[in-house]
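Chemist: The structure is given below, and queries will be raised subsequently.
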Amino acid sequence: MGMLGREILAAQKIDVAKDTGATEASLSLRVLFNKLKLQVGALGKSRGTRKLDGLVARLIEQGRDGQTVVVTRRVKKRRATGNGKTSERKIVYGGSSDRLRRRGPNKGTPIGSPYKMRVKATAARPYIAQPLLQEAAELHLSEFWSQALARAGSKQ
């Protein structure tokens, strides 16, 4: 099972998009001997799971629909209170400002207020669940079980 898992993992790492290498690094292999189970792909770690890598892997694998979403971002406008010696220094971030957006489809709306953003669609690019890899896995497993059953039958 370990040999099969390493082959599948190597094939996935070859096919994955390598813009930063983070998605390739999130691919891993897990063999569960007590359940006779093999897991290969973008698996979360037991501690310190990097959720962003899993999200990016899922977006690459399944694609994304084009849509318009409503976004609110914080304004960089801030005010500092206190001097840090006699009173605690705090930074207070402001909400929407009086300034208006000058360009784009949201022209005229206040900066810091919700606005609409278009998200482009991306096509699915499967690299984890590939039919060829699944066929290869089934072939390896059928060979393994035929050999195991032949050995068990010959010992009787």
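Chemist: Can you tally the net charge around VAL119? Count Lys and Arg as +1, Asp and Glu as -1, for every other residue whose Cβ sits under 11 Å from the Cβ of VAL119.
Modeler: +3
Chemist: When percent of Cα pairs over 29 Å apart is calculated directly from the model, which label among (1) 37; (2) 52; (3) 17 fits?
Modeler: (2)
Chemist: Can you tell me the 0 to 90 degree angle between the C-alpha axis of helix 2-15 and the longest principal axis of the chain, rounded to 10?
Modeler: 40 degrees
Chemist: Mind ordering 143-155, 111-123, 22-34 by average Cβ neighbours within 10 Å, highest first?
Modeler: The most tightly packed comes first, giving 22-34, 111-123, 143-155.
Chemist: With Cβ to Cβ distances under 14 Å as the rule, what net charge do the other residues near ASN83 carry (K, R +1; D, E -1)?
Modeler: +3
Chemist: Ok, one more. Between ARG64 and LYS18, what's the calculated FRET efficiency when r is the beta-carbon distance and R0 is 22 Å? Round to 0.05.
Modeler: 0.70
Chemist: Relative contact order for the chain: what is it in percent, counting Cα pairs under 8 Å that are at least 6 residues apart?
Modeler: Relative contact order of the chain: 21 percent.
Chemist: Using helices alone, what [θ] at 222 nm do you get for the chain, with -39,500 (n - 2.57) per DSSP H run of 4 or more residues, divided over all residues and rounded to the nearest 500?
Modeler: -11500 deg cm²/dmol
Chemist: Between beta-carbons, use under 10 Å as the cut-off and find the net charge around PRO110, counting Lys and Arg +1, Asp and Glu -1.
Modeler: Local charge sum for PRO110: +1.
Chemist: Sort the following peptides by mean Cβ neighbour count (other Cβ atoms within 10 Å, averaged over residues), highest first: 9-19, 63-73.
Modeler: 9-19, 63-73
Every number here is computed from the coordinates shown, using simple stated rules; none is lab data. Please read all numbers here as calculations on a predicted model, not as lab measurements. Counting neighbours? That spans all protein chains shown, and the Cβs are built from the backbone with ideal geometry, glycine included.
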